[in-house]
1. Return SER58, SER156 ranked ascending by Cβ neighbour count within 10 Å, so the fewest neighbours appear first.
2. When DSSP assigns beta bridges and you keep just the ones with both residues in the range 225-318, what percent turn out antiparallel, to the nearest 5?
3. What Kirkwood Rh does the range 225-318 have if only Cα atoms enter the pairwise 1/r average? Answer in Å.
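No value in this document is a laboratory result; all are computed from the given coordinates. Being a predicted model, the structure only gives us computed values, none of them experimental. Backbone-built Cβ (ideal geometry, glycine too); neighbour counts: all protein chains shown.
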Amino acid sequence: MTIPAPDSAPANGLDDVHSATRAVTRLSVGVAVVLIALKAFALGASGSVSILASLADSSLDLVASLGVFFAVRWAAAPPDEDHRHGHGKGEALAALVQAGLVFASAVFIGWEAVQRIFDPRPITAGYWGVLVVLISIAVTGWLVWMQGRAIKASGSMAVEADRAHYAADLAANVVVLIGVISGAWLSAPGLDAAAGLVVAVWLFWGALGMLKTAADHLVDKALPEREQIAMTTAVLSDPRISGVHQLRTRMAGPVVMIQMHVDLDPDLTLEAAHDIVVEAENRLLAGWPRADILIHPDPRGRTRPHGGVFAETADEAVAPGPKTKKGPWT
């Protein structure tokens, strides 16, 4: 039987989340275009390798920002017949692509910097280079601040990866500034090349962080243990629930997926058990308003193993008393 897809996204604040991410991704693309134009002019005027490094990075920023621009819009699409859990992992895919682009940028910049260390070239028009870098620092800093606001409102991983990239750019631009000044006025073009190498290492390190975050998301890494404990505490605050087990958590974009089994009095009516479960869901939603929750009630002391591949063992299914182990929650 075909299950109809919902007509729209749930009214749980996700509309505001998606609005914030769409707005900031438009801004990110615009800033990348401006920075490319400025740095291309500065490179033509100065020939600085550190500005070349920064220009290459800004060019990849544009590609990455375009990827995020489209990814957050796809991720915002409501669940459909083929994607019953929504499209939130599109953000993780965008972050993964970003990490790959940053790795490529770091390799290119590092190679060019090493060549210039052994074959230094003079830097001209240093004033233009310094002016462009200062403007780039101001514009990038403003974008990072705006992205920080959007992340607080949305929790978007794609925007967070984009922000990490631009934050690295912000620090890299400071290094570039040092390189241009040293090459133009201190007669030390080797320092300019060294500055480019520092940028490459910085970008490589930032890409590792982005890669780990995206990979954790795509392989369904559980939420931190402190959050799992908080979830269990919220559910067990109702004395009618005597145990929680099989707790599973993961992220799908800004949505937290929560599944668990709870132990209830086996003599409860179906309606009474349902009411208890709904109240538990509402307590969880108070702490995680952008959550999708599935709670399965088990008759305390009478449960048989069930649930498929990752089901609890026979001993765990019939063990009396509350089950609130941390970790895999099996």
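1. Least crowded to most crowded, the residues run SER58, SER156.
2. 45
3. In the range 225-318 this quantity evaluates to 13.7 Å.
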